[in-house]
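The values are calculated or read from the model by the stated rules, or taken from the named source; none is laboratory data. Note that the coordinates shown come from a computational prediction; the quantities given were computed from them, not determined experimentally. Neighbour counts run over all protein chains shown; Cβ positions are idealised from the backbone, glycine included.
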Amino acid sequence: MKIGIVEDHFINRKIIKEKILPYEDIHIVIEAENGNNFFDLMKNLRKEDYPQVVLIDLEMPVLDGISTISLSSIRYPSIKFIVLTIYEDNDKIFDAIKAGASGYLLKEDKAINIVDAIANVIEYDGIPMSPAIARRAMKLLSGITQNNNTLEKIEDYQLSSREIQILKEIVGGNNPADVAEKLFISPNTVRTHVNNIYKKLHLNSRAQVISLAHKNNWI
């Protein structure tokens, strides 16, 4: 698994590396101290050497984590970002998700949890979160109240019946392999439908799809 680290403090980068490098399938291909540094270093990498997942801090000088994730969703849409931070506040969680983050972990999390999160994102397009963050996110989602007149209708996006079916499975937490088995189709077919869903919703990640679905009470 090819990994990137974007963190402005050298000591924190060192700690992150010490946590994940003992796992032999982890290969760090890029280290940056802020978003600008990350984009500069990416220019020197061949496409086949791009990181699959980047562990990124939020608070950084020059170009912060949220801005870096948002810009990367346009420049490097294949790269997934997992926020690795000390912050648990509501605004940062949802700003990260809206920007396109694929996961949200705390720096205090154990090495195995971080490595499992990386694998989950790569293999299943999952949305790993530290337990404390997941509980906070669920409370926020359950506490959202909106006027029905302001809700967007799923029909407005012209999704096919199969795409709506798969969207509901995704929001329900199922990975492509589970969806394929349940619907008696191949995982590749599921991934094709998921990519079409992203395009029609004008989104770039599973986390954004889930956020939009909950926001508009589609599920």
Checklist entry - Are any residues in the range 68-83 at pLDDT 90 or above, within 17 Å of residue 7 (Cα to Cα) and of a type in the set (Ser, Thr, Tyr), and if so, which ones? => result 68, 72
Checklist entry - Which one of the conditions (1) surrounded by 15 or more Cβ atoms within 10 Å (Cβ to Cβ); (2) in contact with an Asp or Glu (Cβ under 9 Å, 6 or more places away or on another chain) does residue 62 fail to meet, given that it meets all the rest? => result (1)
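For (1) within 18 Å of the chain's Cα centre (by Cα); (2) under 25 Å from residue 206 (Cα atoms); (3) buried (at least 17 other Cβ atoms within 10 Å of the Cβ); (4) at pLDDT below 95, each residue gets a yes or a no:
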position	(1), (2), (3), (4)
25	no, yes, no, yes
50	yes, yes, no, no
53	yes, yes, yes, no
56	yes, yes, yes, no
85	yes, yes, yes, yes
Checklist outcome for this item: All conditions in (1) farther than 29 Å from residue 202 by Cα; (2) aliphatic (A, V, I, L, M); (3) at pLDDT 90 or above; (4) surrounded by fewer than 16 Cβ atoms within 10 Å (Cβ to Cβ) are true of residue 16 except (4)
Checklist entry - Mind checking which residues of the range 153-202 are surrounded by 16 or more Cβ atoms within 10 Å (Cβ to Cβ) and either touching a Cys at 6+ places or on another chain (Cβ under 6 Å) or in contact (Cβ under 8 Å) with a residue 60 or more places away in the chain (or both)? => result 154, 194
Item to check | Search result, residues across the range 120-166 that are among the acidic types (Asp, Glu), at pLDDT below 80 and assigned to a helix (DSSP H, G or I) | outcome: 155, 156
Checklist outcome for this item: Filtering the range 111-133 for residues that are in contact with a helix residue (DSSP H, G or I) (Cβ under 8 Å, 6 or more places away or on another chain) and without any contact (Cβ under 8 Å) to a residue 40 or more places away in the chain leaves a count of 2
